[in-house]
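One structure is given here, and the rest of the page talks about it.
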Amino acid sequence: MSGRVKTAMMSESNADGMMSPEPEREVVELEKLRKSVEELTKHIENLEEQKKPDSLGWDDIAQEIVGAITFALPFIFTEELWDIAKDISVGRSIAILIMTLGVAYLFIAKSRIGNLKREELFHVPKRLLTVTLIAYLTSAVLIYLYGINNLADFTAIQYINATILVSTFAVIGAITVDMVR
């Protein structure tokens with residue numbers, strides 16, 4: 001009889017354990033932990049994504065265009081700039097072009113201001129190429145589009161001088177807006 005009593009007592013104690021809410025609480029807590037781990041994993045992935053250097057893409061090119069236009073427009077309409085473009089020598093204009101490219105290179109390649117991926121084409125940073133191309137084209141097109149070349153009565157050399165002068169500001173604007181993330 002004592003064997004039957006033990007068996008009956010064991011089955012009753014197991015039945016009590018099954019009726020207890022403890023296993024359900026453990027399942028709920030495990031589910032909460034699983035969700036917390038998933039959320040933490042997503043946050044870590046977002047942080048890792050933010051740490052990755054920014055590769056040159058269409059979004060960066062769009063930012064460069066916006067920056068070039070925004071910084072070039074105010075200078076296109078100044079008569080002082082037109083006068084300088086008419087009076088400056090080709091040598092000084094080329095010196096300004098080289099200085100602008102040097103400053104742009106320092107910003108892009110050496111300053112570490114933005115989290116930019118180092119991408120080169122023929123040992124020249126790709127961003128320097130895109131910024132330069134966008135800034136100078138934008139300046140030339142804006143001068144033509146607004147009729148400044150006719151209004152100021154530029155010769156071909158003076159038009160190039162004006163483009164170089166305006167592009168000094170357009171390059172800075174393109175780089176600045178591109179580096180904002």
Once normalised by the length of region 57-180, the mean sequence separation of its alpha carbon contacts under 8 Å that are 6 or more apart gives a contact order in percent of 54
Using a 1.4 Å probe and counting only protein heavy atoms, arrange ASP59, ASP87 so the residue with the most accessible area comes first. ASP87, ASP59
Using a 1.4 angstrom probe with every protein chain in place, what is the largest-first accessible-area order of GLU80, GLU64, GLU31? GLU80, GLU31, GLU64
Computed P(r) (all Cα pairs; region 57-180; 10 Å bins; percent): 14, 45, 29, 11, 0
Among TRP82, ILE96, PHE122, whose Cα lies farthest out toward the positive end of the dipole of region 57-180, if unit charges sit on the beta carbon of Lys, Arg (+1) and Asp, Glu (-1)? PHE122
To the nearest 20 debye, what charge dipole does region 57-180 have about its Cα centre, counting +1 at the Cβ of each Lys and Arg and -1 at the Cβ of each Asp and Glu? 480
For region 57-180, report the accessible area per residue in Å² (1.4 Å probe, heavy atoms, rounded to an integer). 56
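The values are calculated or read from the model by the stated rules, or taken from the named source; none is laboratory data. This one's a predicted model, so the numbers in the text were calculated from it and none came from an experiment. All Cβ positions, even for glycine, are placed from backbone atoms using ideal geometry, and neighbour counts span all protein chains on display. Side chains are part of the model used for accessible areas, which takes the heavy atoms of the whole protein and leaves out ligands, DNA and RNA. Shrake-Rupley method; radii C 1.70, N 1.55, O 1.52, S 1.80 Å.
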